[in-house]
Amino acid sequence: IVKTLHEMPGPSAMANLIEFFYRDGFSRIHEIQLEHSQKYGKIFKSRFGPQLVVSISDRDMVAQVLRTEVATPQRGNMESWKEYRDLRGRSTGLISAEGDEWLKMRSVLRQLIMRPKDVAVFSPDVNAVVDDLVERVKTLRSQQDDRQTVHNINDLFFKYAMEGVATILYETRLGCLENEIPKMSQEYIAALHLMFSSFKTTMYAGAIPKWLRPIIPKPWEEFCSSWDGLFKFSQIHVAKRLSEIKKKMEKGEEIKGGLLTHMLVTKEMNLEEIYANMTEMLLAGVDTTSFTLSWSTYLLARHPIIQQEIFEEVDRVLGGRVPTGEDVAHLPLIRGLVKETLRLFPVLPGNGRVTQEDLIVGGYFIPKGTQLALCHYSTSMDEENFPHPGEFRPDRWIRKDASDRVDNFGSIPFGYGIRSCIGRRIAELEMHLALTQLLQKFHIEVSPQTADVCAKTHGLLCPGAPINLRFVDRK
Ligand code: HEM
């Protein structure tokens, strides 16, 4: 017999209210996911004010939901994003768009950046950024007494990720890894920080009804002004590229270029759509990649024997040669390192879907229009999916033979299916190339000033304290 939502277990609305607003549950979303699935089972319901959410932390149920998706899946309520865009007369981008509008943009972009081989062509550009990263490590450590420590490594990876994704998206360098960061890039970084520091407040802003805004105006104002900053930056860079292209056309020269050039020349999207997508992709591509790099290097530093094994693989395959995207296929432990990092620290500890039709999941009837929370952190930490789930074992991702399946729905850090992460291959290229070169050049150690670093959720799963690492030259 199929049960109703009414019969589904879960914490009471009051308990949730206290947990999230009083006990600051927003910074422990990943832990609460685990606690609740242990207490109520692998499918349970919670209430956030008027919003009912059905959480799923069973691998097979997650698979069922994602495998039976319709043509235009919806992640969650994007009203506040849409409202800003309507207010300013701007387009939605891939993250905020829905339905046919989304499908049209997705079809354009997926042809350009979804396959590893399409993205491998960016290897030289990304490697140029990696060179600057390595130089920056050397500069930063030389400023310390021990000549080895880099403090708060995420600060550095943030700049690397921004520079990397901008090289690919805007076909330009921003100078984030220079001693003096250009003013425009500094302003952009400030807007990005404001967007994330106001993440919590905008979550409250989404929960705060519009009529309360005159009384509590700050969250909405900050939300709008950080979007203004992000859009302005995209407009400037798109305009710059456009004028370069025009000049070339006037001279009758051949137009060659990357992603942005392609979009501007083919006109499959209009200018507003290009601005919106450039803005949303840059927003989605910086913190995600930098947190993952921070955790990867932290885990390597904490596990010297594993670090040595991965180094030996790199050394065997490449010698001292600079890696390219094509080489990564022959570096299974480098790929395992990134997969295992994202299993232990999935930057998006959970994901959402709004059901587009009635479903039966786990024996419950779930009506169309229900908000689901897919609990990736819980499934990643489930003993049934990953033996000894707390242990860092990059080699668990290496296939023993062709029939061996290590990939499963227990860990899908980039989501799954037609609405999955469009930047996955870009992110992987940036992380694989950076980690390989860092291992070629340095022995990475934890600084004695760094105690155990735990994760906290701040929109994304991020390091709860600064990670300080020592970079010791390899001979
Ligand atoms: C470690 C790095 C990254 C992780 C773990 C990550 C993870 C994710 C996840 C889980 C989603 C939701 C997928 C779903 O709903 O099924 C997503 C969506 C998205 N990501 Fe990423 N991401 C990363 C890097 C990037 C980068 C570098 C870019 C841009 C170049 C990017 C652009 C996007 C966009 C535009 C979407 C929305 C796609 C859509 O709705 O069609 N991401 N990402």
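Derivation of every value follows stated rules applied to the coordinates shown; laboratory data play no part. Note that the structure is predicted; figures quoted are calculated from it, not measured. When we count neighbours, we look across all protein chains shown, and the Cβ atoms used for this are built from the backbone with ideal geometry, even at glycine.
For His6 paired with Lys251, estimate the spin-label separation in nm (one decimal), with each label point 7 Å from Cα along the Cα-to-Cβ line.
Output for this residue pair reads 7.4 nm.
Could you tell me the convex hull volume per residue, in Å³, taken over the Cα atoms of region 34-77?
Once divided by residue count, the hull of region 34-77 is 84 Å³.
Efficiency by 1/(1 + (r/R0)^6): what FRET value for Asp125 and Ala63, r their Cβ-Cβ distance, R0 = 30 Å, to the nearest 0.05?
FRET efficiency, Asp125 to Ala63: 0.25.
Taking the convex hull of the alpha carbon atoms in region 96-199, what volume per residue do you get, in Å³?
Taking only Cα atoms, region 96-199 has a hull volume of 131 Å³ per residue.
Can you list the residues of region 79-123 with backbone N under 18 Å from a point 7 Å past the Cα of Glu326, pointing along Cα to Cβ?
Only 115-123 fall inside the zone, counting backbone N under 18 Å.
Could you tell me what % of all Cα pairs in region 297-451 have separations over 18 Å?
Percentage above 18 Å: 65.
With the crude spin-label approximation of a point 7 Å out along Cα→Cβ, what separation in nm comes out for Met184 versus Asp358?
Those two pseudo-labels are separated by 5.6 nm.
For region 15-168, how many pairs of lysine residues have a Cα-Cα distance under 29 Å, where the two are 8 or more positions apart or belong to different chains?
Eligible lysine pairs with Cα atoms under 29 Å apart amount to 6.
With only Lys, Arg, Asp and Glu charged, each at its Cβ (+1 for the first two, -1 for the last two), find how big the charge dipole of region 213-366 is about the Cα centre; round to the nearest 20 debye.
It works out to roughly 360 debye.
Under a crude label model (7 Å from the Cα following the beta-carbon direction), how far is Gln449 from Lys368 in nanometres?
Reported label-point gap for Gln449 and Lys368 is 5.8 nm.
Only bridges whose two residues both fall in the chain count here: according to DSSP, what percent of them are antiparallel, nearest 5?
Values: 25 of 30 bridges.
Rounded to the nearest five, the antiparallel share is 85 percent.
Working only with C-alpha atoms, what are the Rg and Dmax values of the chain, expressed in angstrom?
22.6, 73
Rounded if a/c is under 1.5, else prolate if a/b beats b/c, else oblate: with a ≥ b ≥ c from the C-alpha gyration tensor eigenvalues square-rooted, which is region 216-276? Please report the intermediate quantities before stating the final value.
On the way: a/c = 4.46, a/b = 2.95, b/c = 1.51.
Taking the square roots of the gyration eigenvalues as a ≥ b ≥ c, region 216-276 is prolate.
Considering only C-alpha atoms, what is the centroid distance from region 130-145 to region 302-357, in Å?
23
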